[in-house]
Amino acid sequence: MGKQSKGKCRFCGKEYTKASMMKHVSSCLECIKELEQNENEKTCGYFGLVITGKHDKSYWLITEFREDATLKDVDQFLRDIWLECCGHLSSFEILGITYDRDPDPFDDWGHPVKSMNCKLKSVIKKGMTFEYEYDFGSSTDLVISVFGYRGGKWKKDRFTILSRNNPISYICDECGEKPATAVCAQCIYEGMGMLCDDCQKDHECGEELLLPVCNSPRVGVCGYEGSLKYPD
Ligand SMILES: [Zn+2]
Ligand SMILES: [Zn+2]
Ligand SMILES: [Zn+2]
Ligand SMILES: [Zn+2]
């Protein structure tokens, strides 16, 4: 699939690729007006975070998080929009330290492990890139880059989604013609899991292995069926 997937700016609606959108969100006047729209005089810092599928870069999210939000807030957001299937473990890896939801102070290898319950401003800064993993078995790996930092008025929302890739359309792997509407959780491992309506009917693995096609790097993995909170 094309790595140059586009997405829409949440505020002005213009469409760009990920790299152009990262520039756009800091200059889009509409965006800034929206983000600053409140009476609050309290100020706060915000990190611009771009989150990308490690193995499929056509999936991306451009977000802004309040600097006093925690890694746990980021984890919860990623679960809600892209990942949650059956409550698997997850962790961040930042400058050689692992951040878990419920940490043992050291893992089996003597590697330092801390809690995700820490504020972003105490662990990240602009220009940094770090990694995230959901489900240590059938894992989904993400790369997170801190592409921006700005001061602004305090907002109640701990984060704002500025843009995400448009849903990606796949062609059926069996007939090579029609658009895929389901994915076989077995065949996906051989890169043959995308199926159109017709080819699903007599697919050899059976219907119980079919999952919906959804806008997430976890499409077709474990029991992932897409996000209820942030549909496409
Ligand atoms: Zn815009
Ligand atoms: Zn699962
Ligand atoms: Zn087909
Ligand atoms: Zn199959």
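Scanning the stretch 107-118 for residues that are of a type in the set (S, T, N, Q) and part of a loop (DSSP other than H, G, I, E, B) returns a single hit, 117.
Determine whether the stretch 73-81 contains at least one residue that is among the acidic types (Asp, Glu), part of a helix (DSSP H, G or I) and either out of contact with any Ser or Thr (no Cβ under 7 Å at 6 or more places or on another chain) or modelled with pLDDT under 95 (or both).
yes
For the stretch 119-138, a residue qualifies if it is assigned to a loop (DSSP other than H, G, I, E, B) and touching a strand residue (DSSP E or B) at 6+ places or on another chain (Cβ under 6 Å), and the qualifying residues are 124, 126, 128.
Restricting the stretch 123-149 to residues that are of a type outside the set (Phe, Trp, Tyr) and more than 29 Å from residue 19 (Cβ to Cβ) leaves a set whose member that is surrounded by the fewest Cβ atoms within 10 Å (Cβ to Cβ) is 137. Condition (residue is over 28 Å from residue 21 (Cβ atoms) and either at pLDDT below 95 or loosely packed, with under 14 Cβ neighbours inside 10 Å (or both)) applied to the stretch 160-170: is it met by at least one residue? The answer is no; no qualifying residue exists. Restricting attention to the stretch 182-222, the residues that are more than 21 Å from residue 7 (Cα to Cα) and either exposed (fewer than 11 other Cβ atoms within 10 Å of the Cβ) or hydroxyl-bearing (Ser, Thr, Tyr) (or both) add up to 9.
Counting only strands (runs of 3 or more DSSP E) that fall entirely inside the stretch 150-232 and contain at least 1 residues that are away from ligand 3 (no atom under 16 Å from the Cβ) and within 30 Å of residue 70 (Cα to Cα), the qualifying elements are 159-164. Considering only residues of the stretch 18-32 that are buried (at least 17 other Cβ atoms within 10 Å of the Cβ) and more than 16 Å from the chain's Cα centre (by Cα), which is modelled with the highest pLDDT? Within the stretch 18-32, the match that is modelled with the highest pLDDT is 24. Please verify whether residue 56 is under 16 Å from the mean Cα position of the chain (by Cα), modelled with pLDDT under 95 and outside the structural domain of residue 212 (by TED's automatic domain parsing), treating the condition exactly as stated. For residue 56, the condition - under 16 Å from the mean Cα position of the chain (by Cα), modelled with pLDDT under 95 and outside the structural domain of residue 212 (by TED's automatic domain parsing) - is met.
Scanning the stretch 107-165 for residues that are without any contact (Cβ under 8 Å) to a residue 24 or more places away in the chain, among the hydrophobic types (A, V, I, L, M, F, W, C) and more than 12 Å from residue 92 (Cα to Cα) returns a single hit, 109.
Considering every residue within the stretch 89-106, establish whether at least one is within 19 Å of residue 22 (Cβ to Cβ) and assigned to a strand (DSSP E or B). Taking every residue of the stretch 89-106 in turn, none turns out to be within 19 Å of residue 22 (Cβ to Cβ) and assigned to a strand (DSSP E or B).
Residue 181 meets each of the listed conditions (1) more than 16 Å from ligand 2 (Cβ to nearest atom); (2) closer than 25 Å to residue 93 by Cα apart from (2).
The values are calculated or read from the model by the stated rules, or taken from the named source; none is laboratory data. Computed from a predicted structure; not experimentally measured. We place every Cβ from the backbone using ideal geometry, glycine too, and count neighbours over all the protein chains shown.
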